[in-house]
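Notes follow the structure.
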Amino acid sequence: MQREITPEEKKKIHVVCPVCNSDDYIFIPAMAISGTGKGLTSIFCPVDTICEHSFQIFVDNNGIVRGYETSDYELTFTPSEEPLEERIEVGDKGIIQIIKAIFGDEIFYKSLRSALNNNEIYCITEQEYLHDNLGPFFQKLFGIYCPEIVVCTMREYNRTVRKTVYSSKHKQAFLFNADLTAIIKQPEIFKERFRMERFTLEESLLKMVDFNKQSDEEIMQILHNTIVNIIELSVLLKNDVESKVIDNRKELERRLQKESGKKIKFDYASLDSILKNRFDVDVERIFLKVNEKIDKLKTLF
Ligand SMILES: [Zn+2]
């Protein structure tokens with residue numbers, strides 16, 4: 001005889017994404033799969049359940065996945081009905097404050113870090129303000145170091161952009177819907193829960209300017225100069241690591257602190273992330289190799 005199932009009882013199901021093969025466990029009420037009386041129960045896994053894909057799974061009475069189905073087309077986000085411009089009081093606020101208010105902290109700081117890392121930024125929005133200003137905003141801040149910035153409507157996203165963003169070439173791309181303040185796709189380094197401590201570099205950048213006293217133009221100029229300095233310091237340190245002038249982490253951290261100045265909190269993690277993403281240089285690995293060589297040399301004597 002079959003044992004009774006309590007409503008609280010949960011079944012653990014191992015799910016593998018049919019698109020990217022990411023896997024994880026989901027928990028669903030045991031009753032949901034045993035009480036249907038059907039052979040298989042279908043369960044919809046929306047975006048972010050397992051990974052950035054959504055799909056349908058078919059589970060048997062024992063909680064084993066017997067099949068998958070993906071959609072060719074998905075109406076993920078419907079544009080909001082009320083005009084979004086009204087939500088934000090533009091007034092005489094500067095462009096940074098406006099964009100930060102539209103994006104919210106998480107998207108705003110992750111966008112800045114993406115740009116520092118030279119990773120593409122894809123913004124879905126129906127807001128004219130962003131279509132007109134977001135590209136030029138990043139251009140002004142990052143100058144020749146600016147990555148690709150794409151601002152598109154939901155319609156454009158569904159028609160063409162979506163395919164591009166999900167191609168392997170754009171693995172590091174940061175994709176979000178600004179109207180819903182929802183992140184859709186982000187590189188691995190961002191996937192941990194958002195914490196401000198991980199963005200001290202960007203935070204200290206904003207602290208360099210005074211939004212009450214300085215003009216928008218002044219602010220953008222100061223930030224642009226500082227960003228260029230940050231990237232150029234990264235290049236300098238990268239060269240010193242590659243030519244083995246710096247051959248250990250301690251020395252690199254010391255140089256970074258010495259040369260980045262007091263005002264800007266250029267921490268080691270941010271430098272590491274810029275070097276990895278923008279220049280494809282893994283400093284820890286270089287240090288390891290240098291040390292291996294030294295160890296080998298030692299054994300010779
Ligand atoms: Zn997937």
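The values are calculated or read from the model by the stated rules, or taken from the named source; none is laboratory data. Source: prediction; values computed, not measured. Cβ coordinates were reconstructed from backbone atoms using ideal geometry, including for glycine residues, and neighbour counts include every protein chain displayed.
(1) at pLDDT below 80; (2) touching a Leu at 6+ places or on another chain (Cβ under 6 Å): which one isn't true of F58, the others all being true?
(1)
Hey, among the residues in segment 46-69 that are touching a residue at least 40 places away in the same chain (Cβ under 8 Å) and within 19 Å of the chain's Cα centre (by Cα), which one's surrounded by the most Cβ atoms within 10 Å (Cβ to Cβ)?
E52
Which of the numbered conditions does V15 fail, given that it passes all the others? Conditions: (1) farther than 19 Å from R162 by Cα; (2) without any contact (Cβ under 8 Å) to a residue 24 or more places away in the chain; (3) within 15 Å of the ligand (Cβ to nearest atom).
Every condition holds for V15 apart from (2).
Out of L205, L175, L236, which single residue is of a type in the set (A, V, I, L, M) and surrounded by fewer than 15 Cβ atoms within 10 Å (Cβ to Cβ)?
Result: L236 is the single residue among L205, L175, L236 that is of a type in the set (A, V, I, L, M) and surrounded by fewer than 15 Cβ atoms within 10 Å (Cβ to Cβ).
Residues I264, I230: which one is under 22 Å from F138 (Cβ atoms), within 23 Å of the chain's Cα centre (by Cα), among the β-branched types (V, I, T) and outside any loop (DSSP other than H, G, I, E, B)?
From the options I264, I230, the qualifying one is I230.
Rundown of residues vs (1) surrounded by 13 or more Cβ atoms within 10 Å (Cβ to Cβ); (2) under 20 Å from I96 (Cα atoms); (3) of a type outside the set (K, R), yes/no style:
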position: R195; (1), (2), (3): no, no, no
position: F266; (1), (2), (3): yes, no, yes
position: L271; (1), (2), (3): yes, no, yes
position: N291; (1), (2), (3): no, no, yes
position: K296; (1), (2), (3): no, no, no
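Take segment 146-166 and flag every residue that is in a loop (DSSP other than H, G, I, E, B) and either outside the structural domain of I121 (by TED's automatic domain parsing) or within 24 Å of I274 (Cβ to Cβ) (or both).
Result: C146, P147, E148.
Counting only residues that are modelled with pLDDT of 85 or more and either assigned to a loop (DSSP other than H, G, I, E, B) or within 16 Å of the ligand (Cβ to nearest atom) (or both), how many does segment 20-51 have?
Residues that pass the stated criteria total 12.
Going through segment 38-71 one residue at a time, which ones are in contact with an Asp or Glu (Cβ under 7 Å, 6 or more places away or on another chain) and basic (K, R)?
Correct list: R66 only.
Any residue at all in segment 253-263 that's aliphatic (A, V, I, L, M) and free of Cβ contacts under 8 Å to residues at least 60 places away in the same chain?
yes
Consider segment 134-150. How many of its residues are surrounded by 17 or more Cβ atoms within 10 Å (Cβ to Cβ) and within 16 Å of the chain's Cα centre (by Cα)?
3
Scanning segment 52-65 for residues that are assigned to a loop (DSSP other than H, G, I, E, B) and away from the ligand (no atom under 14 Å from the Cβ), which turns out nearest to K11 (Cα to Cα)?
Only one residue fits best here, namely G63.
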